[in-house]
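Please read the structure below before turning to the comments.
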Amino acid sequence: MKYLKVIAFTHKLIDLKELGCLVLCEEAIDNRLQLLKSIYDIPEIFYLATCNRVEFVFTAEEKLDKSFVKSFLQTLHADSLSESQLESITDNSELFEQEDALNHLMRVSSSLESLVVGEKEILAQVRKSYENCRSKQFTGDYLRMIMNTVVKTAKEVYTFTNISKNPISIVSLAYRRLRDLQVCSNSRILIIGAGETNHNIAKYLKKHTYTNFSIFNRTLSKAQDLANELGGFAYPLEDLKTFDKGFDVIITCTSSTEPIITQEVYQHLLAGETTSKVIVDLAVPGDVAPDVIENNNIQYIEINSLKEVANNNLNERYQELIKGEAIIADNIVQFRPVLQQRRVELAMREVPQRIKEIKERALNSVFANEIEGLDENSRQVLEKVMTYMEKKYISVPMVMAKDILINCK
């Protein structure tokens, strides 16, 4: 595991607004990851971004330190981070290598590192992030094995502890805040973004008989899918600027790196209304421009405001967290021989080809003159001897490797 690395930027050490500066827009992910692979000689990599963390999981021989992280960030965000931001984010990054990196991935996927401990959405987010990068060939066999054991471990934590019993998530906390504000069920609700987070909060709203929805999304078909579930109307995202039917609640969560709701857009959405409005902004970085929050009559719900409830949740689940850590420790121990066996298997794959190369070099180069002087019968006998030895030389290390692996268990 000596080549496994994780660079983590999380809610624990970095303000969520600053964390939002690190999120890669969807269109840029492929090019940026390819650039990282090229510059830092990274064989495998995947990128994870959630509402409270941005992480890079990769393999590399170079040792991680703050200097590496600063260079890494400059490569990713050369035009968007100031020198002071770069220094601050670098200083507050978390670096993990080898088994510490595996332990970290298991903790993240098991929701032990989440803002809301026990929320199971994180496992789906990690898997989706990995699969996106795997499908584009940014990852290979090594990270495949790592992710298999990470997913297995997380499922065991959720199954054999009560850490996710009566689950609380950012989405459920946001809904509770809406409920506390006594938002009535016939309120006009604008949903901006049709991703997983908004799908999840929409389920709460539908369950509690909310019916008046308008969904906006860059990809209209996805907005239409969510609108069909809710009995609402779908619009392309650009129609938000001209929407004039008014609203009571805005729920927004997109992957945009710039505010979606500017002061100009917000004033148009008001359609002349002056009553207090509610905005639920679960995006990182936020979808609502700061001046909209400051200059309007708004009840604003965002991730930072949910932290106190999340901290109480952590205290309530402390014993379950300890049980989860024990499951993770056991799985790390179990993974060591599995990884060792895989390494031997991959190494053994090269043995037949290497032996064939030695045989060909001996026949066609090293002893070519001597063989040329042999008669046809002698050459055939020599060929049979060489082929016999080739097969034996292939089988011997295979058997020895198998015995070593069995005895190590």
**Message:** Among the residues in the range 301-314, are any within 24 Å of His104 (Cα to Cα), surrounded by fewer than 12 Cβ atoms within 10 Å (Cβ to Cβ), modelled with pLDDT under 95 and of a type in the set (D, E, K, R)?
**Reply:** yes
**Message:** Take the conditions in contact with a strand residue (DSSP E or B) (Cβ under 9 Å, 6 or more places away or on another chain), within 25 Å of Thr275 (Cα to Cα) and in a helix (DSSP H, G or I) and apply them to Ala202. Does it pass?
**Reply:** yes
**Message:** Filter the range 60-71 down to the residues that are surrounded by fewer than 20 Cβ atoms within 10 Å (Cβ to Cβ) and under 30 Å from Val116 (Cα atoms) and list them by number.
**Reply:** Leu64, Asp65, Lys66, Lys70
**Message:** Condition first: farther than 16 Å from Gly232 by Cα, outside any loop (DSSP other than H, G, I, E, B) and not small (Gly, Ala, Ser). Can you find one or more residues in the range 205-214 that meet it?
**Reply:** no
**Asked** Out of all the residues in the range 175-182, is one or more hydroxyl-bearing (Ser, Thr, Tyr), out of contact with any Pro (no Cβ under 9 Å at 6 or more places or on another chain) and part of a loop (DSSP other than H, G, I, E, B)?
**Response** no
**Request:** Determine which member of the set Leu73, Leu64 is closer than 20 Å to Phe96 by Cβ and assigned to a helix (DSSP H, G or I).
**Result:** Leu73
**Message:** Would you confirm whether or not the range 89-107 contains a residue that is in a loop (DSSP other than H, G, I, E, B), among the polar types (S, T, N, Q), under 15 Å from the mean Cα position of the chain (by Cα) and assigned by TED's automatic domain parsing to the domain that holds Val151?
**Reply:** no
**Prompt:** If you scan the range 122-160, which residues turn out to be free of Cβ contacts under 8 Å to residues at least 40 places away in the same chain, part of a helix (DSSP H, G or I), among the polar types (S, T, N, Q) and more than 20 Å from Lys323 (Cβ to Cβ)?
**Reply:** Ser135, Asn148
**Fill in**
Over the range 241-269, the set of residues buried (at least 17 other Cβ atoms within 10 Å of the Cβ) and closer than 26 Å to His208 by Cα is Phe247, Asp248, Val249, Ile250, Ile251, Thr252, Cys253, Thr254, Leu269
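Here's the yes/no breakdown for (1) at pLDDT 95 or above; (2) over 29 Å from Ser256 (Cβ atoms); (3) in contact with a strand residue (DSSP E or B) (Cβ under 7 Å, 6 or more places away or on another chain):
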| position | (1), (2), (3) |
| --- | --- |
| Tyr158 | no, yes, no |
| Thr161 | no, yes, no |
| Ser164 | no, yes, no |
| Ser172 | no, no, no |
| Leu181 | no, no, yes |
| Cys184 | no, yes, no |
| Gly195 | no, no, no |
| Asn198 | no, no, yes |
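The values are calculated or read from the model by the stated rules, or taken from the named source; none is laboratory data. Remember, it's a predicted structure, so these values are computed and weren't measured experimentally. Here Cβ is always computed from backbone atoms with ideal geometry, including for glycine, and neighbour counts include all displayed protein chains.
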